[in-house]
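Nothing in this text is a laboratory measurement; each read-out follows from the coordinates by a stated rule. Given the structure is predicted, the values throughout are model-derived calculations rather than measurements. We place every Cβ from the backbone using ideal geometry, glycine too, and count neighbours over all the protein chains shown.
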């Protein structure tokens with residue numbers, strides 16, 4: 001599995017498994033845990049979750065999947081903005097640690113911007129790092145202006161990633177955000193790289209994929225993973241689809257395929273705004 005280097009010198013895999021939508025129904029938890037275990041058994045080493053997902057249920061599904069395993073994946077979780085005060089972020093993290101049944105979250109993100117000043121949240125993150133409860137911190141759903149404010153805040157240069165909505169139909173980060181992140185060596189973490197499955201219905205994508213001899217969704221993910229300074233966390237509970245994710249991570253797309261995708265899904269115009277799901 002290819003990896004990216006974080007500002008702190010650590011590395012992070014180019015492909016992980018997202019858990020948005022997991023942990024919402026008790027009767028589906030066992031199947032979701034089996035899907036996570038399948039991903040880990042076949043080369044996925046990063047899991048992305050949040051206290052928001054299933055009200056903490058997704059973190060509990062991850063704990064179920066990890067029980068009895070010798071290998072431990074890189075775990076990313078997120079804190080609600082309304083829990084992101086200097087003390088609130090510590091308490092929220094401790095709840096996530098209990099649900100995950102781990103002693104440390106490798107990368108802990110502010111899920112989106114709220115009313116709490118960035119300085120308070122960063123202080124909370126620093127306390128968690130000093131206590132060994134998180135390995136690093138980052139943010140999610142921040143645009144270029146947000147990042148500029150974070151970097152100008154004391155301790156803000158500790159931000160390791162920004163997780164945002166990015167895929168063939170959501171190329172807004174390429175205008176201002178992606179260049180700003182790249183200039184500081186901060187990777188962009190793409191969530192919903194398949195637009196929650198909606199890209200499967202794209203006629204242009206199906207046409208280009210057929211010409212390339214690839215499944216459309218695999219091509220869409222391969223495109224995202226081929227972007228510089230980008231890693232992605234697609235989600236599925238289907239083992240076959242997870243296997244396709246892994247195959248996509250090893251694909252090298254020809255220039256003519258990339259040109260066809262650019263023509264069908266053009267880059268954003270200047271002034272593109274933050275998009276979220």
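Applying a threshold of 6 Å to beta carbon distances and a minimum spacing of six or more residues, or different chains, the list of pairs starting in segment 239-258 at a residue that is more than 13 Å from residue 219 (Cα to Cα) and ending at one that is part of a loop (DSSP other than H, G, I, E, B) reads 242/236. Checked against the criteria, residue 5 counts as surrounded by fewer than 17 Cβ atoms within 10 Å (Cβ to Cβ) and in contact with a strand residue (DSSP E or B) (Cβ under 9 Å, 6 or more places away or on another chain).
Could we say that residue 178 is part of a helix (DSSP H, G or I) and either within 30 Å of residue 262 (Cα to Cα) or touching a residue at least 60 places away in the same chain (Cβ under 8 Å) (or both) here? Yes: the conditions hold for residue 178. In segment 125-157, of all residues being within 19 Å of the chain's Cα centre (by Cα) and in a loop (DSSP other than H, G, I, E, B), the one that is nearest to residue 80 (Cα to Cα) corresponds to 141. In segment 8-124, counting only strands (runs of 3 or more DSSP E) that sit wholly within it, the ones holding 2 or more residues that are touching a strand residue (DSSP E or B) at 6+ places or on another chain (Cβ under 6 Å) and surrounded by fewer than 23 Cβ atoms within 10 Å (Cβ to Cβ) span 11-13. Taken over segment 208-222, the criterion of being assigned to a helix (DSSP H, G or I) and either without any contact (Cβ under 8 Å) to a residue 12 or more places away in the chain or touching a helix residue (DSSP H, G or I) at 6+ places or on another chain (Cβ under 6 Å) (or both) is satisfied by 208, 209, 210, 212, 216, 217, 218, 219, 220, 221, 222.
Only one of the numbered conditions (1) touching a residue at least 12 places away in the same chain (Cβ under 8 Å); (2) surrounded by fewer than 16 Cβ atoms within 10 Å (Cβ to Cβ); (3) on the phi < 0 side of the Ramachandran plot is not met by residue 161, and that is (2).
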